[in-house]
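Please treat every number below as a calculation from the coordinates, not as lab data. Note that this is a predicted model, so its numbers are computed, not measured. Cβ: placed from backbone, ideal geometry, glycine included. Neighbour counts: every protein chain shown.
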Amino acid sequence: MAAAVLGLIAGSYEQVTFGYRVKTDEEKWSAEADFTHHAHTATVSAVAASERFVVTGSKDETIQLYDMKKRTDHGALLHHSGSITCLEFYGTAHLLSGGEDGLLCVWSTRKWECLKSIKAHKGQVTSLSVHPSGKLALSVGTDKTLRTWNLINGRSAFIKNIKQNAHIVRWSPDGDKYVVVVNDKVDIYDLETASVMGTITNPKRISSVKFLNNSILAVAGDDETVRLCDVGKAGCVCEFKAHETRVKAVDSLMMDDYCVVVTASNDGFIKMWRIHLKEELEPPTLLGEVNTTARLTCLTLWKPSSVQQVAEEAAPKATTSEELAQELLKTKRVRIAAEEVILEDESKPKKKKKASGK
Ligand SMILES: *[C@@H]1O[C@H](CO)[C@@H](O)[C@H](O)[C@H]1NC(C)=O
Ligand SMILES: *[C@@H]1O[C@H](CO)[C@@H](O)[C@H](O)[C@H]1NC(C)=O
């Protein structure tokens, strides 16, 4: 068995993106510096990773690419005018970006062309999330709307007025529900009814959320504590002090029989935690930590193929969005509900087909 390796990638106020390599087959996990990428001229505001590329977005209005195979800078994507606020890969061939300019862009990861540029929100796009099936995306913005996008044809499928400016939207891993975050509140929506099933209130403004499984949501915000909330009960079931100052980002992944939660903070530390997702949630144990010495803003985990293979052997669960899409297709209920949303609420197709400026 190949040594199991996990990558931690974090962006910072100091313009630099840090990459660390962690050996996960040791008792104490230590993060070794792997690379630094200093391509931005302002704060790094978003980061995402595919198997091959790390992409970062910044207040400098650019998206920078880093090739994890060649370990080199891979150029920049210039299209947005305004900060990049969100980045998400879907499938192996596409990247979605959102920005303060209100645009949602679909990029091909093969030639790094902008395939589609959509004026998605009247204000800024603050967050986006691709459905596990890869067919739909949700976005929220500063025009107080939640929008559903049909990724097959790139059209707006559904617009919901949510009365407030949300800053985070996330699908659950099964894609049967999603959460919308406004300041310190998480509204949990049911896909089928598109109505709020419950609301979780965090003591502070929320900076990041991550579903650990389909029912447990990790919530981090403007304090040192990470809370694990049960979206079914709409309440927190466990909390732990993760850092010395505010937690800026949280990500996770499933290992054989436990969940690894990784947190990044303003205090400069990235910490790795082990959580057993059993009936009775217990506070996690610290697996390891690293002092990046920078004020971190965003975080993602990077999994080279060796880890994916290990994970695949351990559990016959989907590890790519295509596999997940196939699994989702088997779950008829979810698929039908998603399609009903599109069909019932499809807005008029946009007639205007503006040539993209530049
Ligand atoms: C998720 O984890 C919780 C808490 O450990 C567990 O009780 C629940 O059964 C899990 N849910 C799913 C959908 O796996
Ligand atoms: C992290 O590293 C910085 C720079 O080396 C140092 O000043 C700081 O004290 C370290 N933090 C902790 C808690 O060790």
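Can you tell me which residue in the stretch 281-296 is farthest from Lys233 (Cα to Cα), limited to those that are within 16 Å of ligand 2 (Cβ to nearest atom), outside any loop (DSSP other than H, G, I, E, B) and hydrophobic (A, V, I, L, M, F, W, C)?
Taking the candidates together, the pick is Val290.
Check the stretch 273-280 and report whether any residue there is without any contact (Cβ under 8 Å) to a residue 12 or more places away in the chain, in a loop (DSSP other than H, G, I, E, B) and either away from ligand 1 (no atom under 16 Å from the Cβ) or in contact with a strand residue (DSSP E or B) (Cβ under 9 Å, 6 or more places away or on another chain) (or both).
So far as the stretch 273-280 goes, yes, one or more of its residues are without any contact (Cβ under 8 Å) to a residue 12 or more places away in the chain, in a loop (DSSP other than H, G, I, E, B) and either away from ligand 1 (no atom under 16 Å from the Cβ) or in contact with a strand residue (DSSP E or B) (Cβ under 9 Å, 6 or more places away or on another chain) (or both).
Taking interchain pairs and intrachain pairs at least six residues apart, which have beta carbon atoms under 8 angstrom, with the first residue in the stretch 62-75 and small (Gly, Ala, Ser) and the second surrounded by 13 or more Cβ atoms within 10 Å (Cβ to Cβ) and in a strand (DSSP E or B)?
What qualifies is Gly75/Gln64; Gly75/Leu65.
Regarding Ser195, is this residue polar (S, T, N, Q) and within 30 Å of Ser108 (Cα to Cα)?
When the stated conditions are applied, Ser195 does not pass them.
All but one of (1) over 19 Å from Val140 (Cβ atoms); (2) away from ligand 1 (no atom under 16 Å from the Cβ) hold for Gly235; state the number of the condition that does not hold.
(2)
Output the qualifying pairs, or none if there are none: Cβ atoms under 9 angstrom, residues six or more apart or on different chains, first residue in the stretch 10-30 and farther than 20 Å from Asp67 by Cβ and free of Cβ contacts under 8 Å to residues at least 60 places away in the same chain, second residue of a type outside the set (A, V, I, L, M, F, W, C) and outside any strand (DSSP E or B).
As it stands, the answer is Lys23/Ser30, since those pairs meet every condition given.
What is the number of the single condition among (1) away from ligand 2 (no atom under 16 Å from the Cβ); (2) under 17 Å from the mean Cα position of the chain (by Cα); (3) of a type in the set (Ser, Thr, Tyr) that Ser265 does not meet?
Going through (1) away from ligand 2 (no atom under 16 Å from the Cβ); (2) under 17 Å from the mean Cα position of the chain (by Cα); (3) of a type in the set (Ser, Thr, Tyr) one by one, Ser265 breaks only (1).
Sort out which residues of the stretch 174-210 are closer than 12 Å to Gly232 by Cβ and hydrophobic (A, V, I, L, M, F, W, C), and write them in order of number.
Ile188, Met197, Ile200
Need the failing condition index for Cys259 against (1) more than 16 Å from ligand 1 (Cβ to nearest atom); (2) crowded, with 16+ Cβ neighbours inside 10 Å, just the number.
Cys259 satisfies every listed condition except (1).
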